[in-house]
């Protein structure tokens, strides 16, 4: 994979040239600017505080596992389609943007699970192509620190061949217990960089960048909203395998003829599936 295959920066202009260059070189960047207006960020935190008890109670899942919450709580489309978010994404993948998925990863104080080392592209194989057009924006709701298990990235790993994978160790303490993680020999963990973030700041990374995070054994919660996007020039394949999994054109034009859902409505069939799994 060559960094030149990524879409060029456009006119959104949130990221400065040095930040865009860092993303191309390292496979991740932590922009200097806050992402949302203060009032909108306060609403996001309040919405999460309201939704988390429903998630852990009705669906019987851990706080770290709040995957695709926009399918269940359509008010979250407000943040996933917010200009403050999409302008950052546009600087990296261009003006035609598809909302892929969302995920609150909330590590409770003292007992938060680790995220195994991985490339997102390995988990998403067969879902979207090319992977070079997929980015993840990780928006901090809480301070994200070394002590409470901030994300760690391996610089330049998006430019290397895909890593080898081994079964996740300590499965009971991992967010993705059924998955694989990159082997120690493949990930160059000693070079990893911690993404220490203040609330309402973000990191953004390439789909092939190796990353992970330690468990949270501190007395401070660590929560982030993961927002994943791909260029509308890429092809969405997964709907053939799971027709309930909608993606959404949230800016620009449909360049690849994909079928998109309509943002702003709950996915009742998805909710029913989760409820059945919770019984």
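Considering the range 27-46 alone, what residues qualify as being assigned to a helix (DSSP H, G or I) and either under 18 Å from residue 112 (Cα atoms) or out of contact with any helix residue (DSSP H, G or I) (no Cβ under 6 Å at 6 or more places or on another chain) (or both)?
Kept after step one, since they are assigned to a helix (DSSP H, G or I), are these residues of the range 27-46: 38-46.
Correct list: 38, 39, 40, 41, 42, 43, 45, 46.
Quickly run through the range 58-84 and pick out the residues that are surrounded by fewer than 20 Cβ atoms within 10 Å (Cβ to Cβ) and assigned to a strand (DSSP E or B).
Within the range 58-84, 67 is the sole residue that qualifies.
Per-residue answers, yes or no, for (1) over 28 Å from residue 24 (Cα atoms); (2) surrounded by fewer than 22 Cβ atoms within 10 Å (Cβ to Cβ); (3) at pLDDT 95 or above:
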position: 169; (1), (2), (3): yes, yes, no
position: 180; (1), (2), (3): no, yes, no
position: 199; (1), (2), (3): no, yes, yes
position: 217; (1), (2), (3): yes, yes, yes
position: 229; (1), (2), (3): no, no, yes
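Given (1) under 22 Å from residue 141 (Cα atoms); (2) in contact with a helix residue (DSSP H, G or I) (Cβ under 6 Å, 6 or more places away or on another chain); (3) at pLDDT 95 or above, identify the lone condition not met by residue 221.
Every condition holds for residue 221 apart from (2).
Within the range 126-211, considering only strands (runs of 3 or more DSSP E) that don't extend past its boundaries, which have at least 2 residues that are touching a residue at least 24 places away in the same chain (Cβ under 8 Å) and more than 29 Å from residue 45 (Cα to Cα)? Full working, then the answer.
Values: elements: 134-140, 151-153, 165-167, 180-182, 202-206.
The qualifying strands (runs of 3 or more DSSP E) are 180-182.
Would you confirm whether or not the range 260-270 contains a residue that is over 16 Å from residue 71 (Cβ atoms) and out of contact with any strand residue (DSSP E or B) (no Cβ under 6 Å at 6 or more places or on another chain)? So that I can check it myself, show each step before the final result.
Residues of the range 260-270 over 16 Å from residue 71 (Cβ atoms): none.
No, there is no match, as no residue in the range 260-270 is over 16 Å from residue 71 (Cβ atoms) and out of contact with any strand residue (DSSP E or B) (no Cβ under 6 Å at 6 or more places or on another chain).
Quick check on my filter: what residues within the range 246-279 are in a loop (DSSP other than H, G, I, E, B) and without any contact (Cβ under 8 Å) to a residue 40 or more places away in the chain?
If the condition is that a residue be in a loop (DSSP other than H, G, I, E, B) and without any contact (Cβ under 8 Å) to a residue 40 or more places away in the chain, then 256, 257, 259, 261, 262, 279 are the ones that fit.
So, in the range 90-119, how many residues would count as being modelled with pLDDT of 95 or more, within 12 Å of the chain's Cα centre (by Cα) and over 19 Å from residue 222 (Cβ atoms)?
3
Does the range 85-96 hold any residues that are surrounded by fewer than 23 Cβ atoms within 10 Å (Cβ to Cβ) and on the phi < 0 side of the Ramachandran plot, and which are they?
Initially, the range 85-96 is screened for residues surrounded by fewer than 23 Cβ atoms within 10 Å (Cβ to Cβ), giving 86-87, 94-96.
Across the range 85-96, the qualifying residues are 86, 87, 95, 96.
Filter the range 147-166 down to residues that are in contact with a strand residue (DSSP E or B) (Cβ under 6 Å, 6 or more places away or on another chain) and modelled with pLDDT under 85, then give me how many there are.
Of the residues in the range 147-166, 1 are in contact with a strand residue (DSSP E or B) (Cβ under 6 Å, 6 or more places away or on another chain) and modelled with pLDDT under 85.
Restricting attention to the range 231-245, which residues are within 29 Å of residue 30 (Cα to Cα), in a loop (DSSP other than H, G, I, E, B) and touching a strand residue (DSSP E or B) at 6+ places or on another chain (Cβ under 9 Å)? Spell out the reasoning first.
Residues of the range 231-245 within 29 Å of residue 30 (Cα to Cα): 231-236.
Filter once more, so that each one left must be in a loop (DSSP other than H, G, I, E, B): 232-234.
Across the range 231-245, the qualifying residues are 232, 234.
Which pairs have Cβ atoms under 6 Å, sit 6 or more apart or on different chains, and link a residue in the range 20-47 that is closer than 16 Å to residue 198 by Cα to one that is in a strand (DSSP E or B)?
Correct list of pairs: 29/204; 30/203; 35/139; 35/202.
The values are calculated or read from the model by the stated rules, or taken from the named source; none is laboratory data. These figures come from a predicted structure and were not determined experimentally. Counting neighbours? That spans all protein chains shown, and the Cβs are built from the backbone with ideal geometry, glycine included.
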